[in-house]
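Trainee: Supplied in C-alpha cells, the structure appears directly below.
The values are calculated or read from the model by the stated rules, or taken from the named source; none is laboratory data. Not measured: the values here are computed from a predicted model. Cβ sites come from the backbone with ideal geometry, for glycine too, and all protein chains shown count toward neighbours.
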Amino acid sequence: MGILIDENTRLLVQGLGRDGSFQASRCRAYGTNMVAGVHPRRGGTMFEDEVPIFETVADAVAATGANVGLIFVPASGAADAIIEQVDAGLPLVVCISEGVPVQDMVTTLAYIEDKPTRLLGPNCPGLIRPSTKGKIGIIPGNILSEGRVGVVSRSGTLTYEAVVQLTELGIGQSTCVGIGGDPLHGTTFVDVLEMFENDDETDAIVMIGEIGGTKEQQAAEYIKNHVTKPVVGAIVGQTAPPGKRMGHAGAIITGKAALASEKIRILEEAGVHVAESPAVIGAKMAEVLGR
Amino acid sequence: MNIHEYQAREILESYGVAVPRAGVASTPDEARKLAEGFGGRAVVKAQVHAGGRGKAGGVKLVSSPDEAAEAAAGMLGKNLITHQTRSEGVPVRKVMVAELTDIADELYVAITMDADAKAPMVMASSEGGMDIEEVAANTPDKIVRVAADPLIGLSPYHARDIAMKIGVPIDLVRPAATLITNLARVFQEKDASLVEINPLVVTTDGKVMALDAKIGFEDDALFRHPEIAALEDPEQNDALEQKAHDAGLAYVKLDGGRVGCMVNGAGLAMATMDITKTAGADPANFLDVGGGAAEDKIAEAFEIIVSDSDVEAILVNLFGGILRCDVAARGIVMGANNTGTQMPLVVAMRGTNAEEGLQILADAGLNVTTVGDLGEAATALTQVLSGGSN
C-alpha cells in the first residue's frame, strides 16, 4: 500500500530555476516519473530533452495527467503557485519554498480547506518512498534503504541524520516525510501518523519534533488514542533560549508549551519512546524493535 | 524585525488609533522643547528594542521642561540594561517625550499569529499595565481570546464583544471597538507578527487610547514593505547577530556558551547544540548556513563564530545536499586563515563531496578531529574540551 505516492505517481515540477532544475533532475535520477514542468516563459520546450514544459499548471495537467505537484518557486510567489496547483485539481501538492510570508499561508490554508488537495509544506524537504523509487522533494536518495519504518519530521537535514542512523543499523524506511518548519503548514504530524498507522508497509514510526508551537502535543494526543505501532520520538532545541527564532519560523519558544522539555514529557506520557539525544534516534528504534 | 515605540506610535496614528501627543528627541534640548509644548508635565521614555524599561530607569515622569531635559540627558548616549537586553545593554539614541494622560483604567490588547487557529488571534484583558504572561499564568480566565477569520479578518462585532468583555465602559465600547479593528488592520496589512498595546487606557475625560505600543514584523514579508524595512535600527541588535543577518545567515548568540556550532539546516543545528550538552558544555550559538552557501559565506560564518570571545572549540556538522562539503571546507579554511585561529574543530561531514571536504581540512593543517556522526561528535568534543589530545 504505502503512503502519499505509489507506482502511478506522475510528477509535475513548477519553478525550474537553478535549484528547482537541479532537484527535479535528482528526483528523476532516483526513479520518479516526472511528466511535466511548468515555467511561464519556457512553454513548448523540454526539460532534460524528455519532459515537456508548459506555461500553466492547468495545461500541464490536461496534457500529461500529472497527479503530484512540486513547487520550487521563490517564496514571494509560492502561495500563488499552491493555489494554481490546487485549482488545477492536483491531489497532492508539495511546496519546498522557504520564507513564505505567514499571512500568505493564512489565506492559502483557508482557501484550500474544502478542496480535495493535500498540501505538504511549505519550507519542507518533501517526501521519499524507497520501495517505489518515488522522490518528491530534496531528501537525498542515497541515504535511504528500503524497509518498514516510517519517518516524519519538521526538519530537513535532521531527518537525514535520523535516516542515516537507521540505515547504518540496518533498519530500512517505508516512507520519509518532512512536514516543514513553518508555523502554518498543510499536512501535520497527526495526518502523517494516521497514514503510517494505516499503512501495511510500516511497522514502526520515527517522529522528530522541535521547540515552538503545540503540534507535538497534538501528535501525542493522537498517538495515545489511535496509534498502535511503536513510535520513537526526538525533540530538538533543548538548549535554545526563549523568544529567539531558531532558523525555522516556527521554532521559537513563546511559552511553556513550546519548550522541548514539555514536549518530551507529553510524548513520553503518550507512550512514545523518546530518544535521550538526537544522536541515538536510530539506536532507540533498534532497541524498540528488539534488534 | 522590531521597531521603536515612537515608530509604532506613528504607524498606529496613521491608522486612526488614538495615541497621546508625543515627539522624539535626540538631545536634552529637544526634549525640553517637546515638554514645553505639553505644558511641562510629560513622560520621557528611552527608545530601545527591549521591554522592562520602567524598572531599568528608562521611563521618567517629569513636571517641568528642565526636568525633561535632565531626564533625557540621563538616558541619551548611554546603554540601557533591562532584563530583556544582553548584559551590556542597548544604546539609547532617542527618547520619546509624551504628554501625560490621566488614566481611569488600564487594559490590555494584543494580536499575534496563532498556528492552531491558523489565523490572527486577538488577546485582550482587563488587567492592563502588567506582565501579561503572569496574568495568563495566574488568572487565565481574565484573558479573552478571539480569532480573526482568515479571509474576512476581524469582524466589528468581534471587536465590540472584546471591548465589552474587558470592561470598557458601555458608552466607550464603540470607539474601543474601532481601535481594536484598526489594530487588526495594522497586523494584517503590514504583515506584523505582533501588535501589543499595554496598556490600552480609558482616560478620566472619557477617551480610549494606546498608551504604549509594541509592533514586530515578519522578516519573511519585509520584501513587500520597504517602508517598514527602512525602520530597522541595527544598533539595537547584537553586533555578531547583525553581522550574520547582513550576510544572510541565521545566527543566534547564546550567552556564556563555550562551543561554537556551524551547521546547515535549522533542525540539525538545534540537534547539534543539544549534543554539546551531552558533551558537558553549553553551545555558544545557533547557526544555520543554509542550503546553497558559497565559500565566502561559509568563511564569514566561521569568522563570526571565532570572533565570539566565549568560544573555545567549534563543532561543524554539515550534511551536503544542495550544499557541497568541499565548498564548505574551503570556506572554513578561508575563515581560519583570515582569523589565524588555532581553535580545535570537531567536524562531521556527510553527503555531497564529504570526503573531498574532509581532505581539504586535513591538508590545510587545521586542528581538526573528524567524526562520523553526532554520537562520535559528543565524545570527541568532551575530549577536546578537557584538553585531551585528538
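Trainee: Specify the residue that is farthest from B:Ala119 (Cα to Cα); the eligible residues are those in the range A:115-134 that are more than 12 Å from every other protein chain (Cβ to nearest Cβ) and assigned to a loop (DSSP other than H, G, I, E, B).
Mentor: Only one residue fits best here, namely A:Lys133.
Trainee: Here is a list: B:Ala266, B:Ala348. Which entry is in the same structural domain as B:Leu381 (by TED's automatic domain parsing), small (Gly, Ala, Ser) and under 27 Å from A:Ser21 (Cα atoms)? Write out each step before concluding.
Mentor: Numbers: B:Ala348 fails: under 27 Å from A:Ser21 (Cα atoms).
It is B:Ala266.
Trainee: Test of understanding: among B:Gly256, B:Gly267, which residue is within 22 Å of the chain's Cα centre (by Cα) and surrounded by fewer than 22 Cβ atoms within 10 Å (Cβ to Cβ)? If you could, list the steps in order and put the result at the bottom.
Mentor: Working: B:Gly267 fails: surrounded by fewer than 22 Cβ atoms within 10 Å (Cβ to Cβ).
Criteria check complete, one pass: B:Gly256.
Trainee: Of the residues that sit in the range A:260-280 and are more than 7 Å from chain B (Cβ to nearest Cβ), closer than 18 Å to B:Met270 by Cα and assigned to a loop (DSSP other than H, G, I, E, B), which one is modelled with the highest pLDDT?
Mentor: Taking the range A:260-280 as the starting set, the residues that turn out to be more than 7 Å from chain B (Cβ to nearest Cβ) are A:260-276.
Those still in the list that are closer than 18 Å to B:Met270 by Cα too: A:260-264, A:274-276.
This time we only want the ones that are assigned to a loop (DSSP other than H, G, I, E, B), so: A:275-276.
On the way: A:Ala275: 95, A:Glu276: 91.
Ranking the qualifying residues of the range A:260-280, first place goes to A:Ala275.
Trainee: Against the condition facing chain B (nearest Cβ under 7 Å), more than 12 Å from A:Ile266 (Cα to Cα), surrounded by 24 or more Cβ atoms within 10 Å (Cβ to Cβ) and under 18 Å from the mean Cα position of the chain (by Cα), how does A:Ala240 come out, does it pass?
Mentor: In short, no.
Trainee: Sticking with this one: Say whether the condition of being assigned to a strand (DSSP E or B), among the small types (Gly, Ala, Ser), surrounded by 15 or more Cβ atoms within 10 Å (Cβ to Cβ) and within 14 Å of chain A (Cβ to nearest Cβ) is met by at least one residue in the range B:191-210.
Mentor: Quick first cut of the range B:191-210, residues assigned to a strand (DSSP E or B) only: B:192-203, B:208-210.
Those left that are additionally among the small types (Gly, Ala, Ser): B:192-193, B:210.
Next, only the ones that are surrounded by 15 or more Cβ atoms within 10 Å (Cβ to Cβ) stay: B:192-193, B:210.
Going one step further and asking which of them are within 14 Å of chain A (Cβ to nearest Cβ), we end up with B:192-193.
Within the range B:191-210, one or more residues are assigned to a strand (DSSP E or B), among the small types (Gly, Ala, Ser), surrounded by 15 or more Cβ atoms within 10 Å (Cβ to Cβ) and within 14 Å of chain A (Cβ to nearest Cβ).
Trainee: Quick test for you: out of A:Ala257, A:Ala283, A:Ala251, pick the one residue that is at pLDDT 85 or above and hydrophobic (A, V, I, L, M, F, W, C).
Mentor: On the way: A:Ala257 fails: at pLDDT 85 or above; A:Ala251 fails: at pLDDT 85 or above.
Within the list A:Ala257, A:Ala283, A:Ala251, the selection yields A:Ala283.
Trainee: Pick out, from the range A:135-232, the strands (runs of 3 or more DSSP E) lying fully within it that include 3 or more residues that are modelled with pLDDT of 95 or more, buried (at least 18 other Cβ atoms within 10 Å of the Cβ) and more than 14 Å from chain B (Cβ to nearest Cβ).
Mentor: Details: elements: A:146-153, A:173-178, A:204-210.
So the answer is A:146-153, A:173-178.
Trainee: Quick check on my filter: what residues within the range B:221-233 are assigned to a helix (DSSP H, G or I) and touching a residue at least 12 places away in the same chain (Cβ under 8 Å)?
Mentor: Going residue by residue through the range B:221-233, those that are assigned to a helix (DSSP H, G or I) are B:221-224, B:226-229.
If the condition is that a residue be assigned to a helix (DSSP H, G or I) and touching a residue at least 12 places away in the same chain (Cβ under 8 Å), then B:Ala221, B:Leu222, B:Arg224, B:Ile228, B:Ala229 are the ones that fit.
Each row is one residue, and each column tells you yes or no for (1) touching a Gly at 6+ places or on another chain (Cβ under 8 Å); (2) within 14 Å of another protein chain (Cβ to nearest Cβ).
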position: A:Val35; (1), (2): yes, no
position: A:Gly43; (1), (2): no, no
position: A:Val51; (1), (2): yes, no
position: A:Ala58; (1), (2): no, no
position: A:Val61; (1), (2): yes, no
position: A:Thr64; (1), (2): no, no
position: A:Ile71; (1), (2): yes, no
position: A:Ser97; (1), (2): yes, yes
position: A:Val100; (1), (2): no, yes
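Trainee: Would you mind telling me which numbered condition in (1) under 26 Å from B:Gly206 (Cα atoms); (2) part of a loop (DSSP other than H, G, I, E, B) B:Ala98 fails?
Mentor: Of everything listed in (1) under 26 Å from B:Gly206 (Cα atoms); (2) part of a loop (DSSP other than H, G, I, E, B), B:Ala98 misses just condition (2).
Trainee: What are the residues in the range B:362-378 that are away from chain A (no Cβ under 14 Å) and either assigned to a strand (DSSP E or B) or β-branched (Val, Ile, Thr) (or both), if any? Step through it out loud before you land on a result.
Mentor: Residues of the range B:362-378 that are away from chain A (no Cβ under 14 Å), as a first pass: B:362-370.
Listed by number, the residues that qualify are B:Val368, B:Thr369, B:Thr370.
Trainee: Can you pull out the residues in the range B:296-345 that are of a type in the set (A, V, I, L, M) and more than 24 Å from B:Asp238 (Cα to Cα)?
Mentor: Going residue by residue through the range B:296-345, those that are of a type in the set (A, V, I, L, M) are B:298-299, B:301, B:304-306, B:311, B:313-316, B:318, B:322-323, B:327-329, B:332-334, B:336, B:343, B:345.
Passing the criteria: B:Leu318, B:Ile322, B:Leu323, B:Val327, B:Ala328, B:Ala329, B:Val333, B:Met334, B:Leu345.
Trainee: Continuing with the same structure: With respect to A:Arg41, is the statement that it is surrounded by fewer than 22 Cβ atoms within 10 Å (Cβ to Cβ), modelled with pLDDT under 95 and more than 17 Å from A:Gly137 (Cα to Cα) true? Working first, answer last.
Mentor: Details: surrounded by fewer than 22 Cβ atoms within 10 Å (Cβ to Cβ): yes; modelled with pLDDT under 95: yes; more than 17 Å from A:Gly137 (Cα to Cα): yes.
Here the answer is yes, as A:Arg41 does meet what is asked.
Trainee: Okay, moving on. What number of residues within the range B:101-132 are assigned to a strand (DSSP E or B), among the small types (Gly, Ala, Ser) and either closer than 19 Å to B:Arg21 by Cα or within 14 Å of chain A (Cβ to nearest Cβ) (or both)?
Mentor: To start, the set of residues in the range B:101-132 that are assigned to a strand (DSSP E or B) comprises B:103-114, B:119-125.
If we keep only those that are among the small types (Gly, Ala, Ser) as well, we get B:104, B:110, B:119, B:124-125.
Imposing the further condition that a residue be either closer than 19 Å to B:Arg21 by Cα or within 14 Å of chain A (Cβ to nearest Cβ) (or both) reduces the set to B:104, B:110, B:119.
Qualifying residue count, the range B:101-132: 3.
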